[in-house]
Amino acid sequence: MYRWEVRESDLAGQTIDVEGPRHRYEALRVALLGRHQVENAVLAVAAAEAAQEQGFALDTAAIRRGLAEVAWPGRLQVVEERPRIILDGAHNPAGTEALTAFLAEHRAALGRLILVFGVLQTRTGRRCCDGCAARRCDCLTHPPTERAADPALLAPAVRRYASASVAPDLEGALAQAREAARPEDTILVAGSLYTVAAALRILSTIT
């Protein structure tokens, strides 16, 4: 059995203590954001210890380094500051729940949130639109794929909760968000992985 405690969680990462049957790890730094990633980190520690039992050379330093240096593009990924831009592929209800929990936990640090949201034309995509994260939506957009949901058709459902605008493409949506954002605000691009991948490409070109 593994037990863990979160010492610190901020927009730069998380620090946790983990105690297992073989060892206690104090102040492990986890680069990934979101409390769900703490559970993933504990599973990684357990897997590393199981590998040690099979003769693999994984010491405590390797475990610490792996957790501190891990990167997962498009999953609560902070790509810019002032204004802060975060990308998250919350493309299913579980992902939307994890995103919503993250936003609630770090509400004060995030400041005013500007949410750009685009999903696919699937049942799952529509369920994400009914999720709590989409209820904060400021701009609905069109992921760059023929499978994308038309943001104009999604707008009536989202506008039951938020006065979202519609942008025909992600370039326009990001331009709208940047124009509206103050340096201390946070722009969140979420929804389909197509949306997040396109945002990564656009932002790498801009910067």
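The values are calculated or read from the model by the stated rules, or taken from the named source; none is laboratory data. Computed from a predicted model, the values in this text were never measured in an experiment. Quick reminder, even Gly has a Cβ in these numbers, built from the backbone with ideal geometry, and neighbours come from all protein chains shown. What goes into the accessible areas is simple: the full protein's heavy atoms, side chains included, and nothing from ligands, DNA or RNA. Shrake-Rupley method; radii C 1.70, N 1.55, O 1.52, S 1.80 Å.
GNM remark for the chain: springs join alpha carbons under 10 Å apart, and the peak mean-square fluctuation among GLY95, GLY111, GLY74 falls on GLY111. Residues whose amide H comes within less than 5 Å of that of GLU80, counting only those at least five positions distant or on another chain, are ILE85 (H built at 1.01 Å from N in the peptide plane).
Under 10 Å, Cα contacts only: if you run a Gaussian network model on the chain, which one of GLN176, GLN54, GLN121 comes out with the highest mean-square fluctuation? Among GLN176, GLN54, GLN121, the largest GNM mean-square fluctuation belongs to GLN54.
From the backbone phi of the stretch 153-158, what are the Karplus-calculated ³J(HN,Hα) couplings (6.51 cos²θ - 1.76 cosθ + 1.60, θ = phi - 60°) in whole Hz, Gly and Pro given as x? Ordered by residue, 3J(HN,Hα) equals 7, 7, 4, x, 5, 5 Hz.
GLU69 sits with roughly 130 Å² accessible to a 1.4 Å probe, with DNA, RNA and ligands left out of the calculation. Ligands, DNA and RNA left out, the accessible area of the stretch 1-145 computed with a 1.4 Å probe is 50% carbon and sulfur. Mind pulling the angle between the C-alpha long axis of helix 35-53 and the longest principal axis of the chain? Nearest 10 degrees, somewhere in 0 to 90. Long axis of 35-53 versus the principal axis of the chain: about 30 degrees.
Charge dipole (Cα centre; +1 on Lys/Arg Cβ, -1 on Asp/Glu Cβ; no other charges) of the chain amounts to roughly 480 debye. At full extension, GLU105 and ALA27 could sit 26.1 nm farther apart than now, given 0.36 nm per residue minus the alpha carbon distance. A simple packing score, the average count of other Cβ atoms within 10 Å per residue, orders the peptides 146-152, 21-27 as 146-152, 21-27, with the highest score first.
Report, to the nearest 10°, how far helix 170-180 tilts away from the longest principal axis of the Cα atoms in the chain, using its own Cα long axis and a range of 0 to 90°. Between the helix axis and the principal axis of the chain, the angle is about 90 degrees. Here the Gaussian network model covers the chain, with springs between Cα atoms less than 10 Å apart; of VAL119, VAL78, VAL18, VAL18 fluctuates the most. Under a 5 Å amide H cut-off, with hydrogens placed 1.01 Å from N, LEU115 pairs with ASP138, CYS139, LEU188 among residues at least 5 apart or on other chains.
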